[in-house]
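S.K.: The structure that follows is given in the form of structure tokens.
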Amino acid sequence: MISETDFILDSYDFSLENGLVKWEAPSNIALVKYWGKKENQIPANPSVSFTLSDCKTITQVAFSKKENSDEFSFEFMFEGKPKLDFHPKMQQFFSRIYAYLPFLKSYHFVIDSQNTFPHSSGIASSASAMAALSLCFMDIERQMKPMSDDFFTQKASFLARLGSGSACRSIKGNPVVWGAHKEVEGSSDLFGIELTQDLHENFSNFRDTILLVDVGTKQVSSTVGHNLMHNHPFATQRFAQANQNLSEMLSVFKSGDLDKFIAIVESEALTLHSMMMTSNPYFILMKPNTLEIINHIWAFRNATKIPVCFTLDAGANVHVLYPDSYAKQVSEFIQNSLSDFCHNKQFIEDKLGKGAIKLV
Ligand code: DP6
């Protein structure tokens, strides 16, 4: 089994003076949710996600040698402009990953990041952002120390996890499992792994249209929400349920049973929000329009028998999931019946993707 110390390398070639790397990493949507964590970003239960295609972060890191000192030295820019409010988060990320990337204090980094989705969309960008940045750092490390592709990918996911848990699922395509699960060989609490089994054709090009219900910042951050799972009255039961749902989802990926898929995915979304509503203190992230959309999806599904369903993240936005073969009908339904419940009628059409890509 791989442990944290396996990600600490020795004997670097520090002769590299400067360089530039650039990666894009996609967002992902969890089908079985991660909600609750232990020390050091270890998940309380395993989760599985679909990797998206068009919602992504593109990050460039320019690095140049500096005097080795006790300080990290970096500039963080968002869409080409300095973004000072990101510095504390970056500083925390650098501190968390330093033990695994000892060259971090020997270089000055200029990080420039941009998202393909509108930044005030309420779409969590931390997953794609932390994944893209981790890949850039791994690319730099690879220039100092040869490594296998598997190691590269695993460590990138490992580092991304330290930035934001769900980010570790944004490196690869195919469904990605994060968290040790007895039926998934090689699964680990430390990083996400791409499932190697074939995905049933019902899921090829599977669609995810993200309905932007609330574009403001969340009242309760995910980190606070995760922490409220400590001493939560239903935590033990919930973590057991997630393990069971993951087992069942693995069979669904093989069988292509869309009714079962819908049952698991919607239950996971509502359970996630039930955990929020039953924590102490309790909170509600759904908005009236979130419920309107859910009810409209249920009515449409009942009437048409089209296997479309919803899932939710830690926010009010709704992800509408459906097979590619129904894309036309569901697109029309979204445009005609659901967009009225969206902020400025905004929604983003996305689909299953193949994972992160090196750009430079
Ligand atoms: C509801 O990964 O954002 O989206 O590890 O504290 O950064 P941190 O949390 P984060 O939590 C995401 C929770 C979720 C479910 C999921 O993506 O599995």
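S.K.: Return the residues of the range 164-180 that are open to solvent by less than 10 Å² (accessible area, probe 1.4 Å) and either hydroxyl-bearing (S, T, Y) or more than 19 Å from I357 (Cβ to Cβ) (or both); say none if nothing qualifies.
M.R.: Of everything in the range 164-180, those that are open to solvent by less than 10 Å² (accessible area, probe 1.4 Å) and either hydroxyl-bearing (S, T, Y) or more than 19 Å from I357 (Cβ to Cβ) (or both) turn out to be G165, S170, V177, W178, G179.
S.K.: Hey, another quick one. Can you tell me which residues in the range 210-226 are open to solvent by 40 Å² or more (accessible area, probe 1.4 Å) and touching a Lys or Arg at 6+ places or on another chain (Cβ under 8 Å)?
M.R.: D214
S.K.: Do we find that N68 is in contact with a Phe, Trp or Tyr (Cβ under 7 Å, 6 or more places away or on another chain), open to solvent by 10 Å² or more (accessible area, probe 1.4 Å) and more than 12 Å from the ligand (Cβ to nearest atom) in this structure?
M.R.: Judged against the criteria, N68 is not a match.
S.K.: Hey, another quick one. List every residue pair whose Cβ atoms sit under 7 Å apart, with the two residues 6 or more apart in sequence or on different chains, where the first one lies in the range 26-51 and is more than 12 Å from A167 (Cα to Cα) and open to solvent by 10 Å² or more (accessible area, probe 1.4 Å) and the second, anywhere, is near the ligand (Cβ under 9 Å from one of its atoms) and assigned to a strand (DSSP E or B).
M.R.: Filtered contacts from the range 26-51: K37/P43; A44/K37.
S.K.: Can I ask one more? Restricting to the range 211-242, what's the tally of residues that are at positive phi and either of a type in the set (A, V, I, L, M) or assigned to a helix (DSSP H, G or I) (or both)?
M.R.: 0
S.K.: All but one of (1) within 15 Å of the ligand (Cβ to nearest atom); (2) within 18 Å of V32 (Cβ to Cβ); (3) open to solvent by less than 10 Å² (accessible area, probe 1.4 Å) hold for S128, so report the exception by its number.
M.R.: Just one mismatch for S128, condition (2).
S.K.: Any residue in the range 139-158 that is modelled with pLDDT under 95 sitting within a Cβ distance under 6 Å of a residue that is in a helix (DSSP H, G or I) and exposed (fewer than 15 other Cβ atoms within 10 Å of the Cβ)? List the pairs, counting only those 6 or more apart or interchain.
M.R.: Listed pairs, sorted by first residue: none to list.
S.K.: Looking at N280, N295, N245, which one is more than 27 Å from N336 (Cα to Cα), open to solvent by 10 Å² or more (accessible area, probe 1.4 Å) and in a helix (DSSP H, G or I)?
M.R.: Only one candidate qualifies: N245.
S.K.: Quick check on my filter: what residues within the range 163-191 are among the small types (G, A, S), within 12 Å of the ligand (Cβ to nearest atom) and within 10 Å of S49 (Cα to Cα)?
M.R.: Listed by number, the residues that qualify are S166, S170.
S.K.: Which members of the range 84-106 meet the condition of being under 18 Å from I140 (Cβ atoms), surrounded by 15 or more Cβ atoms within 10 Å (Cβ to Cβ) and free of Cβ contacts under 8 Å to residues at least 60 places away in the same chain?
M.R.: Across the range 84-106, the qualifying residues are M90, F94, L101, L104, K105.
S.K.: Given the residues T209, T153, which is the only one that is in contact with a strand residue (DSSP E or B) (Cβ under 7 Å, 6 or more places away or on another chain) and closer than 30 Å to Q329 by Cβ?
M.R.: After ruling out the rest, the residue left standing is T209.
S.K.: Further, regarding this structure: Looking only at the range 306-325, decide whether some residue is open to solvent by 40 Å² or more (accessible area, probe 1.4 Å), at pLDDT 95 or above, away from the ligand (no atom under 16 Å from the Cβ) and at negative phi.
M.R.: Yes, that holds for at least one residue.
The values are calculated or read from the model by the stated rules, or taken from the named source; none is laboratory data. Predicted model, so just to flag it, every value in this text is computed and none were measured. Don't worry about glycine lacking a Cβ; one is built from the backbone with ideal geometry, like all the others, and counts go over all protein chains shown. These area figures cover heavy atoms from the full protein model, side chains too; ligands, DNA and RNA do not enter into them. Shrake-Rupley method; radii C 1.70, N 1.55, O 1.52, S 1.80 Å.
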